[in-house]
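Visitor: Input: one structure, supplied below.
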2 protein chains.
Amino acid sequence: MRFSEFGLTTLKEVPADAEIVSHKLMLRAGLIRRLASGLFTWMPLGLRVLRKVEAVVREEMDRAGALELLMPAVQPAELWQESGRWDKYGPLLLRMTDRHDRDYCFGPTHEEVITDVARRELRSYKQLPVNFYQIQTKFRDEIRPRFGVMRSREFIMKDAYSFDLDQSGLEASYARMHTAYTAIFERLGLKFRVVDADSGEIGGSRSQEFHVLADSGEDAIAYSDEDNYASNIETAATSPDGIETAPPTADMEKIPTPGVKTIEALSQFLNVTAEQTLKTLIVEGTDGPVALVLRGDHELNAVKAQKIAGVASPLTMASPESVVKATGCGPGFVGPVGLEIPVFYDHATIGMSDSVCGGNEKDMHYTGVNFGRDIETPETVDLRNVMAGDRTPGGRGTLSIARGIEVGHIFQLGTKYSEAMDATVQNPDGRNQVMSMGCYGIGITRIVGAAIEQNHDDAGIIWPAPLAPFDVVLVPINMHRSDDVKAAAEALYTELKEKGYEVLLDDRNARPGVMFADAELIGIPHRLVISDRGLAAGELEYRHRSDAESRNLKREEALKLL
Amino acid sequence: MRFSEFGLTTLKEVPADAEIVSHKLMLRAGLIRRLASGLFTWMPLGLRVLRKVEAVVREEMDRAGALELLMPAVQPAELWQESGRWDKYGPLLLRMTDRHDRDYCFGPTHEEVITDVARRELRSYKQLPVNFYQIQTKFRDEIRPRFGVMRSREFIMKDAYSFDLDQSGLEASYARMHTAYTAIFERLGLKFRVVDADSGEIGGSRSQEFHVLADSGEDAIAYSDEDNYASNIETAATSPDGIETAPPTADMEKIPTPGVKTIEALSQFLNVTAEQTLKTLIVEGTDGPVALVLRGDHELNAVKAQKIAGVASPLTMASPESVVKATGCGPGFVGPVGLEIPVFYDHATIGMSDSVCGGNEKDMHYTGVNFGRDIETPETVDLRNVMAGDRTPGGRGTLSIARGIEVGHIFQLGTKYSEAMDATVQNPDGRNQVMSMGCYGIGITRIVGAAIEQNHDDAGIIWPAPLAPFDVVLVPINMHRSDDVKAAAEALYTELKEKGYEVLLDDRNARPGVMFADAELIGIPHRLVISDRGLAAGELEYRHRSDAESRNLKREEALKLL
């Protein structure tokens, strides 16, 4: 491709609304252009990258025996009413009404449609297992679209849905997808982790996420290199095993702490560490407010808390009025001692002694609080986020925390949709049996953004080779004045294309600095500079995008590096 | 691909709502499944065909220098308001409102979006010409979706948009697309014609349609093999050249014709041919009703009539009351003699003499009507559809009429959108100049239906080789009982796949008749039958889908035929 014929314009300025590096670079390098909030046009350069992602995903899905089909983007409300999601899904679902006043939505996901296809097509267990997938445009009406294609409203997904006779079949289908996804992200040349995850609103039992690792990732991932454990921090479990409690060394005392309402202020005021304090949070329960107690330096994990029987879901902090009514004091001075509402203690609290906590009285705290003496030793629950240095649940390793961008998610749905929509097949005994389903998503458009978050420098994008829109960029110096350079560049362009490389020839009448900057910005892996001086020496200047310096090489040597 | 793993179910029964053969066969062969009115899922077999169409279109567009991009399906109302189409487009446009109450539509076409892209990206004439295309899902909210994928609501289009500095540039871009489209339909193995067409609501000056020829086609095409003329019947012109009038031989008489209201009844009653009668139609004009006069056997062409100055557009028949008021009599007895409203005569009427026409009085007609004596010889206009046997406008040939399915349409839009949306570039003189646009569509999904309309028999589809979902189907007889057949079938399957063929192995435990019927229904070009008897003779049974009979051939000979 010749630069002059590629309709590509790069930008020097960083667009004002772009918050993260991939968004900035995708706009600057001309991969995408904004149409409206959360809506982007994929320009020719960006689409080349997108198609590479699609091709790898398609090949590995086919290899895993999945069958590609294509469902409509527009879905009738009736199916969503059948599954119960028409009312539950909320404003993320873009709804519309046709000329006959029938309700539809722009599909954000296709569980209902595929279950409808499956219940019509699949009659016998002999047709199972089967896994249907599609690569398709979806829409989620995000309240605040941002981060470019990472959280856009319209996006491209690969969504797959497996159908099996029973749970053991589902587990086998799920394992095949785990293998396929691993192959996909390896082939794409991305550093990633597979983590245990919460199933969220999609539902079902087991699920795992595939995260591209990047410092800017929205998700925190807890992992251990010692025992392969990895989990989204939302679901990374803590355990009470091995926690030991030191015996009390101090008496419990109630002391004045005027105006001291935060753990930080309390630590300073009493000259104790946050680890010595107990943090008590009042949240809505299923039957009035309840208290959640954590070690002062620990973070509450809402996903875990709202799954506890007695705690309202979604997790909701109690209003200040409700706190006063339940505890006799305002937020900031609440503690578990003598509290008369249900109290849930995090596992880690049991390892504390001589603790500091709220006094359940304005401007007062207790010190020297001990379990078994001042508070009855409780059953503990898992309430907190794991931290770097925590032991893994298996106990064989230590956790590290990394940040990741979720690009894939595999779910064991079980019978959630097939039961609601009566998707059955005849089993070997001749009876109807509800099928077990799995669903498997990959954010095709999001992968492009995530790849850039992981692979860039100050000058621009550094594409992993499998994603690069071109393999090599040719930069002829003064091509419009030197016939030799022009002839050499054209010959090299033709030769490399014939060898099967994807080549971008920068044939613009532009200064070398402009061409170098654009080549770096758009991140082509291999760069070859053709100049009169080089030609005189029979040399090309070669630089890999990730090299610090360029090298002058004989033509043949340079070509060998590609 | 093994049949047993392909998730394919064929149907014996013809679904009740399928009216045309392609719709019936696509459902029976399992290419598509209906989700809701005008919404279809492309099943794996159908998607394979669709992808072949896409690949050919993409290759030829790339070869023509067009650049692929991908615009959002969801489009903001603001752009449609800018072009003026938000109000004009009517209920075909599926509109929706997002969570912030902003208006959007599901794009049925992308002139507005691409013009917005172009006015941001293109600054200088040096960036021209450029032609952007995409292959994308569109939506038209048809009032009565029918004919399966031929008139569905959601469909896949290839839409391309060229930008040039001026009309001569546009004409060159348009010519390149004409060449590319011709290559596409030739490569797809379809019989087609390119015809001159009306530009309709898209607007612009010149346009041509690409029609796949099929008896069931919705459009009539007039063409001449003698001088390459071809036109949609909507726009095929007639001319007054060479029309001669015989001198009068009879006096004009007003005669009673009680209850005779149609041309047919009139011909019978007076024993004259329809060619001797004048048909007078009263339609709405821009300033009260006007009369259109045609030869009795000719058909009014609404597209032509509504373009005439003085005739209302869209063409609207006058109400019976309005006819009485304008002519003094009801419909059925109106004629041009002495009529006091504007009268437009079709070219062909001027060649008539001693004609019969309405008497402008209930139950009365005139006979012996002649121009120049009874009616002042008028200027004539083009009002009618051409017929087989008419001369071509060039006069060098004779027209034939064929039926076609429109699968492609190329337009010279000119500055219609670029002017409304202020899409300019700097011209060589340094001044801003509105760009000239072309737009070029291909109905990707529709091509699949049209190919079947053109290529089928009573047993099913007969795919042109470039569209076939598989090249060859292997039908082993009693594979589940004969180890020899099984081994031979598996070996052949592996060998053919390695040679690069797309092979469907019918590994079902089904009767031969069922397998043969399915192979014919889904229309795979080459069929090889493997049986114990054939193996004993070292033979395979070969049949091409379009052959009447199968042949027993030595294995090597059979493979040569592929």
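Visitor: Starting from the Cα of A:Thr245, step 7 Å along the direction of its Cβ; do the same at A:Glu19; then give the gap between the two resulting points in nm.
Guide: Label-label distance for A:Thr245 and A:Glu19, simple model: 4.3 nm.
Visitor: Continuing with this model, one more query. Among A:Leu39, A:Leu11, B:Leu553, what is the fewest-to-most ranking by other Cβ atoms within 10 Å?
Guide: So the ranking, lowest neighbour count to highest, is A:Leu11, B:Leu553, A:Leu39.
Visitor: Nm distances between the label at B:Arg533 and the same-position labels in the remaining copies, 7 Å along Cα→Cβ, shortest first?
Guide: Label-point distances to the other copies, shortest first: 8.2 nm.
Visitor: If you line up the Cα atoms of chain B on their principal axes, what length do they span on each, largest first, in Å?
Guide: Result for chain B: principal-axis Cα extents of 92, 68, 49 Å.
Visitor: Would you mind ranking B:Lys138, A:Lys254, B:Lys554 so that the residue whose beta carbon has the fewest other beta carbons within 10 Å leads the list?
Guide: The order, fewest Cβ neighbours first, is B:Lys554, A:Lys254, B:Lys138.
Visitor: For a protection proxy built on the mean count of beta-carbon atoms within 10 angstrom, sort B:87-97, B:56-66 highest first, please.
Guide: B:56-66, B:87-97
Visitor: What percent does the relative contact order of the stretch B:398-544 come to when contacts are Cα pairs within less than 8 Å and at least six residues apart?
Guide: 21 percent
Visitor: Sort A:Thr10, B:Thr398, A:Thr445 by Cβ crowding within 10 Å, fewest neighbours at the top.
Guide: Ascending Cβ contact count within 10 Å gives the list B:Thr398, A:Thr10, A:Thr445.
Visitor: In whole Hz, with x marking every Gly and Pro, tabulate ³J(HN,Hα) for the stretch B:496-505 from phi via Karplus 6.51 cos²θ - 1.76 cosθ + 1.60, θ = phi - 60°.
Guide: So the J values, rounded to whole Hz, are 5, 4, 5, 6, x, 7, 8, 10, 10, 9.
Visitor: In whole Hz and in residue order, list the ³J(HN,Hα) couplings for the stretch B:533-550 that follow from phi through the Karplus curve 6.51 cos²θ - 1.76 cosθ + 1.60, θ = phi - 60°; x for Gly and Pro.
Guide: Karplus values, whole Hz, x for Gly and Pro: 4, x, 4, 4, 8, x, 10, 10, 8, 10, 8, 7, 4, 9, 7, 7, 10, 8.
Visitor: Which angle between 0 and 90 degrees, to the nearest 10, do you get for helix B:111-121 versus the longest principal axis of chain B when only C-alpha atoms count?
Guide: Around 70 degrees separate the two axes.
Visitor: Can you classify the stretch B:470-560 as rounded, prolate or oblate using the Cα gyration tensor, where a ≥ b ≥ c are the square roots of its eigenvalues, rounded means a/c under 1.5, and otherwise it's prolate if a/b beats b/c and oblate if not?
Guide: Rounded, because the longest to shortest axis ratio a/c is under 1.5.
Visitor: If you don't mind, another one. Sequence-distant or interchain residues sharing an amide H contact under 5 Å with B:Thr257, placed H: which?
Guide: Placed amide hydrogens put B:Met364, B:His365 under 5 Å from B:Thr257.
Visitor: Something else about it: When the Cα centres of the stretch B:424-494 and the stretch A:23-70 are compared, how far apart do they sit, in Å?
Guide: Between the Cα centre of the stretch B:424-494 and that of the stretch A:23-70, the gap is 23 Å.
Visitor: How many nanometers, to one decimal and shortest first, lie between the label point of A:Ala237 and those of its other copies, if labels sit 7 Å from Cα toward Cβ?
Guide: Reported distances to equivalent positions: 8.2 nm.
Visitor: Under 5 Å between amide H atoms, partner at least 5 residues away or on a different chain: which partners does B:Ser207 have, H built in plane at 1.01 Å?
Guide: HN-HN under 5 Å from B:Ser207: B:Ala197, B:Gln412.
Visitor: If you average 1/r over all unlike Cα pairs in the protein assembly as shown and invert the result, what Kirkwood radius do you get in angstrom?
Guide: Mean inverse Cα-Cα distance, inverted, gives 35.0 Å.
Visitor: Would you kindly work out, in nm and rounded to one decimal, the distances from the label point of B:Ser216 to those of the same position in each other copy, ordered shortest first, with label points 7 Å along Cα-to-Cβ?
Guide: 5.3
Visitor: Can you list residues whose amide H is under 5 Å from B:His456's amide H, if they're 5+ apart or on another chain and H is modeled 1.01 Å from N?
Guide: Amide H neighbours of B:His456: B:Ile462.
Visitor: Evaluate the distance, in nm, between pseudo-label points positioned 7 Å from the Cα of A:Leu11 and of B:Lys497 along their respective Cα→Cβ axes.
Guide: 4.8 nm
Visitor: Can I ask one more? Report, in deg cm²/dmol and to the nearest 500, the calculated mean residue ellipticity at 222 nm for chain B, where each DSSP H run with n ≥ 4 adds -39500 (n - 2.57) and the sum is divided by the residue count.
Guide: Result for chain B, helices only: -7500 deg cm²/dmol.
Visitor: Once you keep just the Cα pairs under 8 angstrom separated by 6 or more residues, what percentage relative contact order results for chain B?
Guide: 17 percent
Visitor: Further question: Can I get the semi-axes of the stretch B:445-499's equivalent ellipsoid? Compute them from the C-alpha gyration tensor as square roots of 5 times the eigenvalues, in angstrom, largest first.
Guide: Ellipsoid half-lengths, sorted descending, are 31, 14, 7 Å.
Visitor: Using the Karplus curve 6.51 cos²θ - 1.76 cosθ + 1.60 with θ = phi - 60°, work out ³J(HN,Hα) for each residue of the stretch A:177-183 in order, rounded to whole Hz, and write x for Gly and Pro.
Guide: 3J(HN,Hα) across the stretch A:177-183, in whole Hz: 5, 4, 5, 4, 5, 4, 5.
Visitor: Also, I was wondering about something else. Averaging sequence separations of C-alpha pairs under 8 Å and six or more residues apart, then dividing by the length of the stretch B:253-381, give the relative contact order as a whole percent.
Guide: 28 percent
Visitor: Chain A: which residue's Cβ hugs the A-to-B rotation axis most tightly, distance rounded to whole Å?
Guide: Looking at chain A's Cβ atoms against the axis toward B, the nearest is A:Met96, 2.
Visitor: Simple spin-label model, 7 Å along Cα-to-Cβ: B:Ala487 to B:Lys325 in nm?
Guide: Rounded to a tenth, the inter-label distance reads 9.1 nm.
Visitor: Tell me the angle of helix A:444-454 to the major Cα principal axis of chain A, expressed in degrees between 0 and 90 and rounded to the nearest ten.
Guide: 90 degrees
We did not get these values from a lab; they are worked out from the coordinates using the rules stated. From a predicted model like this one, the values you see are computed outputs, not experimental measurements. Every residue, glycine among them, receives a Cβ derived from its backbone with ideal geometry; neighbour counts consider all protein chains shown.
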